[in-house]
Every structure is written in structure tokens, then in C-alpha cells.
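**Q** Below is the structure I would like to discuss, written out as C-alpha cells.
The values are calculated or read from the model by the stated rules, or taken from the named source; none is laboratory data. Computed from a predicted model, the values in this text were never measured in an experiment. No Cβ is skipped: glycine too gets one built from the backbone with ideal geometry, and neighbour counts run over all protein chains shown.
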Amino acid sequence: MTMTGDNDTIFARASGAGKAGVAVFRLSGPQARNIASQLVGKRNINREARLAALRDPASGALIDRGLAILFQAPASFTGEDVVEFHLHGSRAVEASLYETLSGLGARPAEAGEFTLRALKNGKLDLAQAEALADLIDAETTLQKKQALGQLDGRLSALAEGWRKQILAVMAPLEADIDFPDEGDVPAAVAARSGPAIRGLKESLTAYLKQSGRARMIREGVSIAVVGPPNAGKSSLVNALAGSDVAIVSEIAGTTRDIVETRLDLGGIVATIADTAGIHGATNDKIEAEGMRRARERAGGADLRIGVLDPGEAYVSRETIDLLKTGDFLVWSKADLGAAIPGGAAPDGVSIHALSADTKSGLTDFVAALTKAIAADLDAGAPALTRLRHASAVAASIESLNRAETMIETAPELAAEDARLAARALGTITGAVGVEDVLGEIFSSFCIGK
């Protein structure tokens, strides 16, 4: 990721946009202290909040009165001199401040530039920078807890621990390269390094297997609600959302396109999709397209909820065939008293009867749904929260597999594969290859962070 210049002094609003009682503006860079002194007419004392009148030094015009706080390098967020101005959050104040700062040689910061400078100055590593973005975007308590743990360096410490274990494995491998004439060295090296490599692979594999669950906290889950027309799908979605997000009508086929709503289920963000009614062949092109999209969404969802009306004369096989182990089948309209057919659901599908109108059975259903999604999740543990992390661990395991097979026959190649394994893990924190992923990571940051 390329910024205009690392030696520039940059500024941006660090608090939310729009009118506010107080807004925080951040200034960072080699000229931050000098520019701040020109604005307030005196030198700031490190880490002391001072009430000051900010004026344009060229015209003497008052910009605003507020607090000015100096965070002297390196003890600041970016590792540079940073000055914060806590001013009134009006557009007029912001415009006057920006015009004055630009006239004094500073420039507006780009998205994520403050955090990028913190990364380059060693205040954060790459995994912590990602965690900061996740914390800003957190919608649930589990997301917040997970992001705070990553920001505290839990994943970084885990990845660095793995990397050090690999470096320890490399020592005897390189010793075999240095002393190739010693006949018993390869066997001794294999006896020493082999178990260490296998143990490390087991640890990496265990974390890789649970990475999908960890990413579920960060990214959320997708749930598709499927069923025949007029089965009660939209009523169920509205009951789960607690509001009328989907149109409910006695007219079959009211839902033609996919309607989404987001819920917090035990700290997991769940995107619930109400889909078009699924049934047999139709000559209505719009209805056919709605059913195609419903089947497609069901196939790509993390979990499916099939909704059937027990009062209907037949069981919708089109719906049943979409369900998989771990999914849910809801018999709707329980308040109408129709008998629930037996043996309709495939094995491994959880069956519930409820009424969206009276809310009977809804609490138990939500509890079961939440348990299925959020059970056994530990948001405080270090985890591979991004696909990038999981890919790095998978690459490391692959290199360790090659190293293990060549310990005795080709120790020099085994040592090289061990180095590749360590390098792959180093990409998690940015110890190596940091420039390759900066654009992807920092493109999601907001201006001022």
C-alpha cells in the first residue's frame, strides 16, 4: 500500500463524521508539534490537556476553543509526535481547521494511514492492525471480545511461538548440513527433529480445523429460510427479527426475491434470508427465477431452516431435499392445531413446532438455533480469524510435511522447507511479506484511523 509520503505530517478527524458536541482531530508527523504550537500560540506539554484558542497564524482568525494534547514520540499511537485537538464538532470548525492545517504544510490522511504508521513504527504488528479494524466494525459482544484479544497480541504470540519452535527444529537440521561426514548424525537428527515436527504439525492442524468457527465470530453466519409458498417463512423471519422486515400475505408467492435481516444470536451475527416459495414447475418466469435464487441461497448458506405447514395435504419434498445434517425443520402455524407428520425430516435435522403469531415455541427454537451456531465458541482464545491466517498455517503445514519426509535423506532440503514453514507463519504478524497484504488490509480502514 503506497501513501503519499511517510515523512509528511498528516491530519484527519478521528471521531465520527457529522455534527457533534465534541469532535477529535488528530495530527501526526515530524511537524505535528511545530504546527500545533503555531495554532495555539505556545508549546504543548507532553500528555497534558490544555485549554487553548486555536487561531490561523496567517490571519489571526479564531478557529475554535478546545483542548490540545501532545503525545510525544515514540509514546503515541503512531510512534510519531501526535497532537489531538478536541473541538466543537461543526462542519464550519472542521473546514477552518483543515484549511489552516493545509496552509501550514500538513496534508489530509488517507484511509488507515495512522494505523499504517503505527505498524511501520513497531507499535502494532499486522495481526493487531487487522484486529483494530475488526474492533471498529464489531457488532456483537463476541466480535468485540475476539478483536480485543487479537489486539492484545494473543494471535501474534501464538504465531511467534510456532515460528520459534520451527527455528529450534532447524538447528539440528543445519548441523547435519555442517557435518555431513558424521555417519550417525542423520539418524540422530531424525530422532530429535521428527517428533518435534509431528507435534508442531498436530498443533497447527488443530488450529486450522477450528479456524472456520473463529471466522464465524468475525464474519457471521448465513441462514436461508426455505419452504413452499405460504408456509409461514416470512412470518417466521419477522418473528425472529422482531419487526416486519418481510411482507406477509395470505396470497401465495408474495416473496419473489430474497429479503435479508441481521440478528445477534449468542454473539454471532446471523444474516437471515427469506426466500421465494419453492414448489414444482411453473410457467411464470419471475417465479421460476425466485425459486432458482432460493435454491442457490440455500446451497451456499451455512445453515438452512425449512418451513412447512402441517395443515397442507402433502409434505414438500423440494424443501426437505434442501436440508442437511445440522439444519432445522420448522412446522409452522402451531396455533392452528394441525397434526405434525412423522418421518418427514432427514437424520440430523432438528425439528420444531411453533407459531409466529402467538410466539408459541419461538423461544425454544431461538435457543436451539443459538446453541447450534454459538456453542463451544471461545472468543477470548487466540484464533485464525481471517482466511489469510488460515492460508499461512496451511502453507506451513505443507512445508513441514515435506521436511519430515526428507530429514534423513536430504537434510538440506528439509532445512529449507522448515525455513519456508517459519516464513509462512511470519506472514501472520507481518514479520515477513508485509508489503504483499497492506493494500488488502488497510483498504477497509476509515479515514482518521
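**Q** When the residues of the range 355-375 are filtered to those that are surrounded by 13 or more Cβ atoms within 10 Å (Cβ to Cβ), without any contact (Cβ under 8 Å) to a residue 60 or more places away in the chain and of a type in the set (A, V, I, L, M, F, W, C), which remaining residue is nearest to Gly306 (Cα to Cα)?
**A** Among those residues, the one meeting the criterion is Phe365.
**Q** When residues of the range 343-354 are filtered for being at pLDDT below 90 and either within 16 Å of Asp309 (Cβ to Cβ) or in contact with a Cys (Cβ under 7 Å, 6 or more places away or on another chain) (or both), how many remain?
**A** Residues flagged as at pLDDT below 90 and either within 16 Å of Asp309 (Cβ to Cβ) or in contact with a Cys (Cβ under 7 Å, 6 or more places away or on another chain) (or both) within the range 343-354 amount to 2.
**Q** Starting from residues that are closer than 15 Å to Pro195 by Cα and assigned to a helix (DSSP H, G or I), keep the ones in the range 388-414 and report whichever is modelled with the highest pLDDT. Give the derivation first.
**A** Start the filter on the range 388-414 by keeping residues that are closer than 15 Å to Pro195 by Cα, which leaves 397, 400-408, 414.
So of that shortlist, the ones also assigned to a helix (DSSP H, G or I) come out as 397, 400-405, 414.
Values: Ile397: 96, Leu400: 93, Asn401: 92, Arg402: 92, Ala403: 88, Glu404: 86, Thr405: 86, Ala414: 83.
Ranking the candidates gives Ile397 first.
**Q** Listed residues Ala147, Ala138, Ala111; which is among the small types (Gly, Ala, Ser) and within 25 Å of Ala394 (Cβ to Cβ)? First the steps, then the outcome.
**A** Numbers: Ala138 fails: within 25 Å of Ala394 (Cβ to Cβ); Ala111 fails: within 25 Å of Ala394 (Cβ to Cβ).
The unique qualifying residue is Ala147.
**Q** May I pose another question? Is it true that some residue in the range 437-449 is aliphatic (A, V, I, L, M) and at pLDDT 90 or above? Quick ask: steps written out before the conclusion?
**A** Looking only at the range 437-449, we keep the residues that are aliphatic (A, V, I, L, M), and these are 437-438, 441, 447.
The next check asks that each one be at pLDDT 90 or above; those that pass are none.
No, there is no match, as no residue in the range 437-449 is aliphatic (A, V, I, L, M) and at pLDDT 90 or above.
**Q** Failed condition for Gly122, given (1) of a type outside the set (Lys, Arg); (2) in a loop (DSSP other than H, G, I, E, B); (3) more than 30 Å from Leu208 (Cα to Cα), with all others met?
**A** Against the list (1) of a type outside the set (Lys, Arg); (2) in a loop (DSSP other than H, G, I, E, B); (3) more than 30 Å from Leu208 (Cα to Cα), Gly122 comes up short only on (3).
**Q** Within the range 377-426, take every residue that is surrounded by fewer than 24 Cβ atoms within 10 Å (Cβ to Cβ) and among the hydroxyl-bearing types (Ser, Thr, Tyr) and give me the one that is farthest from Gln143 (Cα to Cα).
**A** If we take residues in the range 377-426 being surrounded by fewer than 24 Cβ atoms within 10 Å (Cβ to Cβ) and among the hydroxyl-bearing types (Ser, Thr, Tyr), then Thr409 is farthest from Gln143 (Cα to Cα).
**Q** Can you find a residue in the range 25-33 that is part of a helix (DSSP H, G or I) and at pLDDT 90 or above? Step through it out loud before you land on a result.
**A** Residues of the range 25-33 that are part of a helix (DSSP H, G or I), as a first pass: 32-33.
Okay, now just the ones that are also at pLDDT 90 or above, so 32-33.
Yes, that holds for at least one residue.
**Q** Among the residues of the range 108-115, is there at least one that is closer than 30 Å to Ala196 by Cα, out of contact with any Asp or Glu (no Cβ under 8 Å at 6 or more places or on another chain) and assigned to a helix (DSSP H, G or I)? Can you show your working first?
**A** Just the residues of the range 108-115 that are closer than 30 Å to Ala196 by Cα, to begin with: none.
Checked against the condition, which is being closer than 30 Å to Ala196 by Cα, out of contact with any Asp or Glu (no Cβ under 8 Å at 6 or more places or on another chain) and assigned to a helix (DSSP H, G or I), the range 108-115 yields no hits at all.
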